[in-house]
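What follows is a short report on a single structure.
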Amino acid sequence: MTTDNIIRMDMGSVTGIKAHDSDKAILCLGIESSCDETSAAIVDSNRNILSHIIYSQIPEHQKYGGVVPELAARAHILAVDEVIRLTLEKANKTIQDIDVIAATAGPGLIGGVLVGWMAATGIANATNKPLVAVNHLEGHALVPRLCAASASDSTQNINVEFPYLLMLASGGHCQILLVHNVGKYELIGQTLDDSAGEAFDKIAKMLNLGYPGGPIVDKRAKDGNAKRFHFPRPLCDKPGCDFSFSGIKTAARMLLDKTNKDDIDETFINDFCASFQQAVVDCITNRLTNAMKDERVKKAAPKTMVVAGGVAKNSAIRAAMEELAKQSNMLFAAPPMSLCTDNGAMIAWAGLENYRTGNIVTEPVAPRPRWPLTEL
Ligand code: KG4
Ligand code: ZN
């Protein structure tokens, strides 16, 4: 496999918030392989991303309309060594310069997780370096502490301190969490059926727009009229902080079924996407409003509201959450777009944060397809 095949996206090096310049930086190599991205990054404890390679398999899965686990696992096997080698080369480092090795050990598609985890285990054993088993969701949850900004001003670096209120929305998860510390998460609400990312992907599939659906629906919605169609806002008339998206999906299917095919033109699609996206935005703000009234949240008094996970790329969700945070006298923070969807830098950063708390592997770890944040 040539280098040309491997790098679909070279994130280059990014300088984050230089919080502790005078400290001797600890270097962590992080590896991510839980879904359809094989990625590695070298991140230091001064919050600099020295190098970051993301090999996206999306083109391989696109023709199937979603990720095919067996194909993903095979593609990770083909890519992982080269992705790691390139990550070291771009940072101008050898493996000997690295202090800590970290990799996703779950949750995710187990074939892929195994590939990255075995690569990391092999490197750590061969070099006698500390190894951290990173929970993929913790990677998403902690990356705003590596680098985050507000929605309206992406140049403004925000230092995200514990505790914070987190909206974690990805392809596999949709949860509101209180992040008390590294390894300490309190679940405030979660989806009872689909995740927000899944809902975006399914809507795009219904409209034959392609995969992954989130970015396509987001783009279409920008040119659409969000008031044209009314989609339900499930659970929004109920107390609590849980989500449900399957009702929106069913309403979308029914609307499409009763629409004459000739009427489904570009304007229809844009309006459909905008109306659907507005329903998701309303559910998220409704549930977060309830979360702020929750006794556990009031007691913890988080100063910052944070969004993370692939769906955090959504411009309407970022804007609505920023407005909600402002009304509630809270700061709002979101990772840069490139650190929202799956990436190695978030795993390297979570590896560093866990290493600092002493959470390193001392006995063999079995990767886990399911691994809730509340079980850390
Ligand atoms: O975090 P992620 O990369 O993978 C998981 O851990 O699941 O999230 C992928 C999800 C997909 O469902 C994708 O459609 C969604 O994030 N996504 C978006 C946007 N960009 C990606 N959803 C809404 N708007 C976007 N701009
Ligand atoms: Zn993810």
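The values are calculated or read from the model by the stated rules, or taken from the named source; none is laboratory data. Note that this is a predicted model, so its numbers are computed, not measured. Because the Cβ atoms are built from the backbone with ideal geometry, glycine has one as well, and the counts that use them run over all protein chains shown.
The table below lists the values:
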quantity: Among the residues listed as LYS326, LYS298, LYS293, the single one being of a type outside the set (Ser, Thr, Tyr), more than 16 Å from ligand 1 (Cβ to nearest atom), within 19 Å of PRO144 (Cα to Cα) and without any contact (Cβ under 8 Å) to a residue 24 or more places away in the chain; calculated: LYS326
quantity: Test: THR341 is in contact with a Ser or Thr (Cβ under 9 Å, 6 or more places away or on another chain), of a type in the set (Ser, Thr, Tyr) and buried (at least 22 other Cβ atoms within 10 Å of the Cβ); calculated: yes
quantity: Residues that are surrounded by fewer than 24 Cβ atoms within 10 Å (Cβ to Cβ) and either touching a Ser or Thr at 6+ places or on another chain (Cβ under 7 Å) or over 30 Å from VAL68 (Cβ atoms) (or both), drawn from the stretch 132-158; calculated: ALA149, SER150, ALA151, SER152, ASP153, SER154, THR155, GLN156, ASN157, ILE158
quantity: Close pairs from the stretch 249-271: first closer than 25 Å to LEU192 by Cα, partner outside any helix (DSSP H, G or I), Cβ under 7 Å, at least 6 apart; calculated: LYS249/ASP194; ALA251/PHE231; ALA251/PRO232; ALA252/PHE231; LEU255/PHE229
quantity: Selected residue (only one of ASN290, ASN314, ASN286, ASN270 is buried (at least 18 other Cβ atoms within 10 Å of the Cβ) and under 19 Å from the mean Cα position of the chain (by Cα)); calculated: ASN314
quantity: Filter result for the condition that a residue is away from ligand 2 (no atom under 16 Å from the Cβ), at pLDDT 95 or above and not in a helix (DSSP H, G or I), over ASN286, ASN270, ASN354, ASN329; calculated: ASN329
quantity: First in the stretch 100-113 and over 7 Å from VAL134 (Cα atoms), second anywhere and charged (D, E, K, R) and within 14 Å of ligand 1 (Cβ to nearest atom), Cβ under 6 Å, 6 or more apart; calculated: PRO107/ARG370
quantity: Among the candidates GLY309, GLY358, GLY344, GLY351, residue that is near ligand 1 (Cβ under 9 Å from one of its atoms) and either closer than 18 Å to LEU288 by Cβ or not acidic (Asp, Glu) (or both); calculated: GLY309
quantity: Residue match in the stretch 30-51 (condition: hydroxyl-bearing (Ser, Thr, Tyr), at pLDDT 95 or above, outside any strand (DSSP E or B) and over 16 Å from the mean Cα position of the chain (by Cα)); calculated: yes
